[in-house]
Structures are given as C-alpha cells and as structure tokens.
Amino acid sequence: MNIIILGYGKMGRIIEQVALSRGHRISHKINADNLHEMAQINPAEVDAAIEFSEPGAVISNLYYCFDNRIPVVCGTTGWLDRRAEVELHCMQKNAAFFYSSNYSLGVNIFFHLNKVLARLMNRYPEYDVTIDETHHTEKKDAPSGTALTLAGDLLDELDRKTNWVNNAAKNGSELAVLSHRVDKVPGTHVVRYTSAIDDIEIKHTAHNREGFALGAVLAAEWIVGKHGVFSMEDMLEF
C-alpha cells in the first residue's frame, strides 16, 4: 500500500517505521518545510494518507485529501470546533475520512469502559466526576483530544453535568478536566468519581507512542476502498 504522511514530526516518524514494518511504502512525507511537494503527488498512486500535523495545518490537509479522493486517517487534535464542516465536505466529495482522538487499542477499550461506567454512575449523583490528563510538554493543545472524547461521552451519559471546563469546577454542573504537562510523558488519563465515602477511578497509561502509530496504520489499511466518515468504533466493531 502506498501511503503519504502529512505531518512528519515524532509521530510521523514512528508511523513511518510501523508502516514499513507492515510492508507498506511511504511515497511522500510532508511537513511545513516541504509543502510545495504536495503539488508533485499523483493521487492515483496513493492508497491512503495519514495526517498527524498540527491544528493550523490539519484543515487544509484534510481538504486536499477529500478533493483528491485520497482516504485519510487523521489523529491531529485541536480543531474539533470545525468537525461538522469537515465531515460535510468529506461527504460532499464522496471521500473517506477516519478520525480518532487516540488510535491506541487500549485507549479505545478505555473509551468504551468510560461510557459503560458513566451509564451506571448516572444513578448515583452523590459521586462527582473529574478527568485528569497528563502529557509531554511538547503537546500544544489542552485538554488533550482523548480527554475531550472522554468528557463528551460523560456529558452524554451524566444528567448532572452540562459542560466541561479546563480547570476546577465551580459548581456541580461543570465537569472539571485538569491538564498537566510533564516532560516525556506519552499520555495518562484518569476518570475519577468521588464521594464522601469512597472514590472509583479508571485509568489508562501509555508507555510509548508505538500503540498510537500502529492503530493509525491499521486504520489506513481498513479505510481503503470505503467512503464516508469513520472512527475506531467502526473499525473495532464495539
């Protein structure tokens, strides 16, 4: 399979290693320094794109893929305020778009567990809930995309929570998402329910970035030949 990588930073390099180990070919590696090379890409020779750039570049990268009918797997966060617009453009172009805030298999099991636990805890309003996320200091957005996915699912399931805030909650309707940036931490997320009697928490800790990269390459393999908007839930059939 011929893959182009849009965003050739640390994640892009790990994705390249994983893709090559699975027998794929990286035809182009695009970042801010060689954007002009996108004009040299023949879309007919590309099977899929994997997009891990930055919030300022992601929209133009995605639209390039949609307009050229290149299936694209995206892991960039910090742009979700335009998600509806992006997904509509994908559908209008009859293209293929796969997005996840986190491509780790373990994290996606964690997402599923978060939903199940929230449905149960909705019956017990004496428990308050918070999200705590820690990432490396190079991560530019906060909260993390993974934390926002967790928060969105909690807001969907818990009647007592109406919105999230990226600080301590000021009232019972706010969901606190606390962000920490620590050198060389790949990613740790904790969902914690607290009452006067006890605490309940679920936690995911990433040890390195290889799990994220493998998930992205698996998604690229899966999306070829498809049309529409997809997520890890579709691929993993939760």
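The values are calculated or read from the model by the stated rules, or taken from the named source; none is laboratory data. On a predicted model such as this, the values are computed, not experimentally measured, just so you know. In this analysis, Cβ positions are derived from the backbone assuming ideal geometry, glycine residues included, and neighbour counts consider all displayed protein chains.
For residues that are of a type outside the set (Gly, Ala, Ser), in a loop (DSSP other than H, G, I, E, B) and surrounded by 12 or more Cβ atoms within 10 Å (Cβ to Cβ), tally how many sit in the stretch 155-183.
5
Within the group Gly78, Gly23, Gly106, which residue is surrounded by fewer than 16 Cβ atoms within 10 Å (Cβ to Cβ), out of contact with any Phe, Trp or Tyr (no Cβ under 9 Å at 6 or more places or on another chain) and on the phi > 0 side of the Ramachandran plot?
Checking each option against the conditions leaves just Gly23.
In the stretch 27-47, what residues are in a loop (DSSP other than H, G, I, E, B) and under 19 Å from Met1 (Cα atoms)?
Hits for the stretch 27-47 are Ile41, Asn42, Val46, Asp47.
Kindly indicate whether Glu221 is of a type in the set (Asp, Glu), in the same structural domain as Ile15 (by TED's automatic domain parsing) and touching a residue at least 40 places away in the same chain (Cβ under 8 Å).
Judged against the criteria, Glu221 is a match.
Looking for whichever is outside the structural domain of Asn166 (by TED's automatic domain parsing), surrounded by fewer than 17 Cβ atoms within 10 Å (Cβ to Cβ) and either hydrophobic (A, V, I, L, M, F, W, C) or outside any helix (DSSP H, G or I) (or both) here; the options are Ile59, Ile50. Which one fits?
Within the list Ile59, Ile50, the selection yields Ile59.
Restricting to the stretch 118-151, count the residues that are in contact (Cβ under 8 Å) with a residue 12 or more places away in the chain, out of contact with any Pro (no Cβ under 8 Å at 6 or more places or on another chain) and either among the hydrophobic types (A, V, I, L, M, F, W, C) or not in a loop (DSSP other than H, G, I, E, B) (or both).
The number of residues fulfilling the criteria is 15.
Any residue at all in the stretch 108-117 that is without any contact (Cβ under 8 Å) to a residue 24 or more places away in the chain, under 16 Å from Phe212 (Cβ atoms) and not assigned by TED's automatic domain parsing to the domain that holds Ser27? Please lay out each step first, then the result.
First, the residues of the stretch 108-117 that are without any contact (Cβ under 8 Å) to a residue 24 or more places away in the chain: 109, 116.
If we keep only those that are under 16 Å from Phe212 (Cβ atoms) too, we end up with 109.
Then drop every residue that is not not assigned by TED's automatic domain parsing to the domain that holds Ser27, which leaves 109.
Within the stretch 108-117, one or more residues are without any contact (Cβ under 8 Å) to a residue 24 or more places away in the chain, under 16 Å from Phe212 (Cβ atoms) and not assigned by TED's automatic domain parsing to the domain that holds Ser27.
Which count do you get for residues in the stretch 22-45 that are modelled with pLDDT of 95 or more and under 23 Å from the mean Cα position of the chain (by Cα)?
Count: 6.
Considering only the stretch 38-55, how many residues are touching a Leu at 6+ places or on another chain (Cβ under 8 Å) and polar (S, T, N, Q)?
1
Check Ser60, Ser53, Ser27 and return the single one that is of a type in the set (Ser, Thr, Tyr) and out of contact with any strand residue (DSSP E or B) (no Cβ under 8 Å at 6 or more places or on another chain).
Ser60
Name every residue in the stretch 1-20 that is surrounded by fewer than 20 Cβ atoms within 10 Å (Cβ to Cβ) and part of a strand (DSSP E or B), in order of residue number.
The one that is surrounded by fewer than 20 Cβ atoms within 10 Å (Cβ to Cβ) and part of a strand (DSSP E or B): Asn2.
Being in contact with a helix residue (DSSP H, G or I) (Cβ under 8 Å, 6 or more places away or on another chain) and more than 21 Å from Lys226 (Cβ to Cβ) is the filter; apply it to the stretch 26-47 and report the residue that is surrounded by the most Cβ atoms within 10 Å (Cβ to Cβ).
Checking each candidate, the answer is Ile30.
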